[in-house]
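> One structure, as structure tokens, below. Some questions next.
The values are calculated or read from the model by the stated rules, or taken from the named source; none is laboratory data. These numbers come from a predicted model, not from an experiment. Every residue, glycine among them, receives a Cβ derived from its backbone with ideal geometry; neighbour counts consider all protein chains shown.
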Amino acid sequence: MTITSIEIRRAASLFLPVSGVLALAVSAVPAPAAAEPLPYGPDTCIQGYVWREARPGDTVCVLPAVRDRTATENAHPASNKDPLAGSGPESCSQGYVWREAFDGDTICVTPAERTDTLADNAAAQSRRQADQPGQQAPANGSHRVVFNVTGSGEVFNIVTDPAGPFVPDHTPLPFARTLDIGPDVSMLQVVATGRDAPGPGCSISIDGTVVASQTIGGSGHCIYVFP
């Protein structure tokens, strides 16, 4: 009688040790899908923001207009300086101050721009995808909205539409509010009345995408109307 190779393999499988059987069973179970990595690692910005790049390695997330302004300032490091002033060769001309995007940053800018820069530093963590899992759209088909008010100092009040909990006088900045909205909402709005100059900035994002924004020193009013 001739024994085929198929019969030999079938017989051998009857005598597999327990560990071998378990190994076969485990290999048959598909591995869980790995989470998709963020395109730029843990410093990936939420949609609508980009790295500031005030120096190599500066991954603070800012609006594109702020990065463009920063690049222009970096391209002219000697602008607005007065080497004869009291802080030595890096002294700023009257009416200008050090930008202070990082320790040792002596680019000279207006006080409003420095306030804007420090506010961006304070809000850096909230603008990273890795730190904002709640930016994703809710599973029930509604949308997740985030109202941000940027700046320093305090505000008299902050009002959002749709409304949320009352924001009292002397609330410090920066400020953020997250709401889930349904299809009945047609407009989004945030109004912040600052106590200190320059006025606060603001932004509105929907499911992680910025749809309205204003830099510090404006009216502190951001609005978005659904098409």
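> Mind listing whichever residues of the stretch 163-213 are more than 12 Å from SER152 (Cα to Cα) and of a type in the set (Lys, Arg)?
If the condition is that a residue be more than 12 Å from SER152 (Cα to Cα) and of a type in the set (Lys, Arg), then ARG177 is the only one that fits.
> Which one of these does ASP196 not meet: (1) at pLDDT 90 or above; (2) within 20 Å of THR110 (Cα to Cα); (3) not hydroxyl-bearing (Ser, Thr, Tyr)?
Just one mismatch for ASP196, condition (1).
> Looking at this structure, is ILE216 assigned by TED's automatic domain parsing to the domain that holds THR160, more than 19 Å from the chain's Cα centre (by Cα) and of a type in the set (Val, Ile, Thr)? Step through it out loud before you land on a result.
Numbers: assigned by TED's automatic domain parsing to the domain that holds THR160: yes; more than 19 Å from the chain's Cα centre (by Cα): no; of a type in the set (Val, Ile, Thr): yes.
Against the criterion (assigned by TED's automatic domain parsing to the domain that holds THR160, more than 19 Å from the chain's Cα centre (by Cα) and of a type in the set (Val, Ile, Thr)), ILE216 does not qualify.
> Moving on. What number of residues in the stretch 180-205 are of a type in the set (A, V, I, L, M) and farther than 27 Å from LEU118 by Cβ? Working first, answer last.
In the first step, residues of the stretch 180-205 are kept if they are of a type in the set (A, V, I, L, M); the result is 181, 185, 187-188, 190-192, 197, 204.
Next cut, farther than 27 Å from LEU118 by Cβ only: 181, 185, 187.
The total comes to 3.
> A further question on this structure: Inside the stretch 1-98, counting only helices (runs of 4 or more DSSP H) that do not spill past its ends, which hold 3 or more residues that are modelled with pLDDT of 85 or more, under 40 Å from the mean Cα position of the chain (by Cα) and loosely packed, with under 12 Cβ neighbours inside 10 Å? Steps first, answer last, please.
Working: elements: 5-13, 18-28, 64-75.
Because the criterion is at least 3 residues that are modelled with pLDDT of 85 or more, under 40 Å from the mean Cα position of the chain (by Cα) and loosely packed, with under 12 Cβ neighbours inside 10 Å, the helices (runs of 4 or more DSSP H) in the stretch 1-98 that meet it are 64-75.
> Name every residue in the stretch 116-138 that is at pLDDT below 85 and of a type in the set (Ser, Thr, Tyr), in order of residue number.
SER126
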